[in-house]
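In what follows, a single structure is set out as structure tokens and then discussed.
The values are calculated or read from the model by the stated rules, or taken from the named source; none is laboratory data. Given the structure is predicted, the values throughout are model-derived calculations rather than measurements. Cβ placement follows ideal geometry from the backbone for every residue including glycine, while neighbour counts extend to all protein chains displayed. Ligands, DNA and RNA are excluded from the accessible area calculation, which covers all protein heavy atoms including side chains. Shrake-Rupley method; radii C 1.70, N 1.55, O 1.52, S 1.80 Å.
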Amino acid sequence: MEEKITLDHGSGGFKTSQLIEDYILQVFPGKALHERKDGAVLKNETAPIVVSTDSFVVDPWNFPGGNIGKLAVCGSVNDVLMSGGIPSYLTLSLILEEGFLLSDLKKVIGAVKETADQAKVEIVCGDTKVVEHGKGDQIYINTCGIGFLKRNLQASYQEGDLVVVSGSIGRHGAAVYMAREDIPLQGNLFSDCALLCKEAVAAMDLPGLRILRDPTRGGLATTCIELIEHTKWGMELDETGIPVDADVSALCSLLGFDPLYMACEGRMIAIISPQDAPLLLEQLGKEARIIGKITKEHPQTLLLNTRLQTTRWLRKLSGQPLPRIC
């Protein structure tokens, strides 16, 4: 029987990689696409252009800490930043389902405006389509972020380079799931959905910076694997150094999720030299942590040194524990 698309193909994990490699990369031979970054640097006579495109289908569209409008702007702006660019322009396309409330559309567009203003990006063009009731899920958004290259970031690692995360992980995935399932947990669990402009620019100003990435679908573990899987390097993470908030930890323990694979939408991973890591931590603030290092041992493999003083081999997310989180 012919294989069909499943929710697993949208997880950001193994099945997503398989789909991209088997059905997309084989067709398009371009070097930029095969680098598999969330953004691409395009040649230009003056300053190289950085461009990123993304689509947002989060369910529910309104969640603690944001909504699909804020998420769409943060997602594309952050992808341009992670590619070493300073974002300047954004396109905005809406796919609306018949019956979606105009008052809710105003909330979404208001969030787009507020977040775009914070990022200092201009909405320059867009499109709107409406589908019949039952043929969509209230609202989807597609964006394209455009900026100009500030720092050419490549995976030019050196042994002993450190892995830094800008804050606690997994809040977005946990908050969206709680909103979707209406789970009553004590505390205030909000998405980490946020712009990374300040954090990324601070990192790009340091000479020892190697690469930046935001751990969205697939979470911290999957993103770290992607950072080394096509290199000659391995990576080791220290579980005791990885910041996980108590409410995220409680939700994961209750439902059997692993916070290492929970999505973030306002966190940044930086691989940086040991000399510049302390200055980056100072710039990022008290929530930032050194969580691991680059090693020449076990190439293309991600290992976790656990609290129990054992070693765990981390692989890409398999399956789809949380569909539709971005």
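Listed by first and then second residue, the pairs linking a residue in region 186-207 that is within 17 Å of THR115 (Cα to Cα) to a residue that is of a type in the set (Phe, Trp, Tyr), with Cβ atoms under 6 Å apart and 6 or more places separating them unless they lie on different chains, are SER191/PHE63. Residues in region 123-135 that are of a type outside the set (A, V, I, L, M) and either under 24 Å from the mean Cα position of the chain (by Cα) or within 29 Å of PRO87 (Cα to Cα) (or both): CYS125, GLY126, ASP127, THR128, LYS129. The residues listed here are GLY110, GLY147; of these, the one that is touching a Gly at 6+ places or on another chain (Cβ under 9 Å) and surrounded by 15 or more Cβ atoms within 10 Å (Cβ to Cβ) is GLY147.
When you check GLU21 against the structure, is it out of contact with any helix residue (DSSP H, G or I) (no Cβ under 7 Å at 6 or more places or on another chain), at pLDDT below 75 and open to solvent by less than 100 Å² (accessible area, probe 1.4 Å), yes or no? Considered against the rule, which asks whether it is out of contact with any helix residue (DSSP H, G or I) (no Cβ under 7 Å at 6 or more places or on another chain), at pLDDT below 75 and open to solvent by less than 100 Å² (accessible area, probe 1.4 Å), GLU21 comes out as no.
State whether the residues of region 125-141 include one that is surrounded by fewer than 18 Cβ atoms within 10 Å (Cβ to Cβ) and under 30 Å from ILE269 (Cα atoms).
First, pick out the residues of region 125-141 that are surrounded by fewer than 18 Cβ atoms within 10 Å (Cβ to Cβ): 125-135, 137.
Then keep just the ones that are under 30 Å from ILE269 (Cα atoms); that gives none.
So far as region 125-141 goes, no, none of its residues is surrounded by fewer than 18 Cβ atoms within 10 Å (Cβ to Cβ) and under 30 Å from ILE269 (Cα atoms).
Summed over region 151-165, the residues that are crowded, with 18+ Cβ neighbours inside 10 Å and either part of a strand (DSSP E or B) or over 20 Å from the mean Cα position of the chain (by Cα) (or both) give a count of 6.
Return a yes/no flag: does region 71-81 have any residue that is open to solvent by 10 Å² or more (accessible area, probe 1.4 Å), closer than 26 Å to ARG171 by Cβ and touching a helix residue (DSSP H, G or I) at 6+ places or on another chain (Cβ under 9 Å). There is no residue in region 71-81 that is open to solvent by 10 Å² or more (accessible area, probe 1.4 Å), closer than 26 Å to ARG171 by Cβ and touching a helix residue (DSSP H, G or I) at 6+ places or on another chain (Cβ under 9 Å). Can you confirm whether region 242-263 contains a residue that is open to solvent by 10 Å² or more (accessible area, probe 1.4 Å), touching an Asp or Glu at 6+ places or on another chain (Cβ under 6 Å) and outside any loop (DSSP other than H, G, I, E, B)? No - not one qualifying residue is present in region 242-263.
Scan region 267-311 for residues that are in contact (Cβ under 8 Å) with a residue 40 or more places away in the chain, in contact with a Leu (Cβ under 6 Å, 6 or more places away or on another chain) and in a strand (DSSP E or B) and report the count. Qualifying residue count, region 267-311: 8.
Could you grab me the full set of residues in region 209-241 that are assigned to a loop (DSSP other than H, G, I, E, B), out of contact with any helix residue (DSSP H, G or I) (no Cβ under 9 Å at 6 or more places or on another chain) and open to solvent by less than 30 Å² (accessible area, probe 1.4 Å)? Of everything in region 209-241, just one residue is assigned to a loop (DSSP other than H, G, I, E, B), out of contact with any helix residue (DSSP H, G or I) (no Cβ under 9 Å at 6 or more places or on another chain) and open to solvent by less than 30 Å² (accessible area, probe 1.4 Å), namely THR231.
In region 83-106 there is at least one residue that is in contact with a His (Cβ under 8 Å, 6 or more places away or on another chain), open to solvent by 50 Å² or more (accessible area, probe 1.4 Å) and in contact (Cβ under 8 Å) with a residue 12 or more places away in the chain. Inside region 75-109, residues that are part of a strand (DSSP E or B), over 25 Å from PRO207 (Cα atoms) and aliphatic (A, V, I, L, M) make up a count of 5.
SER168: in a loop (DSSP other than H, G, I, E, B) and either modelled with pLDDT of 95 or more or aromatic (Phe, Trp, Tyr) (or both), yes or no?
On the way: in a loop (DSSP other than H, G, I, E, B): yes; either modelled with pLDDT of 95 or more or aromatic (Phe, Trp, Tyr) (or both): yes.
Yes; evaluated as a whole, the condition is true for this residue.
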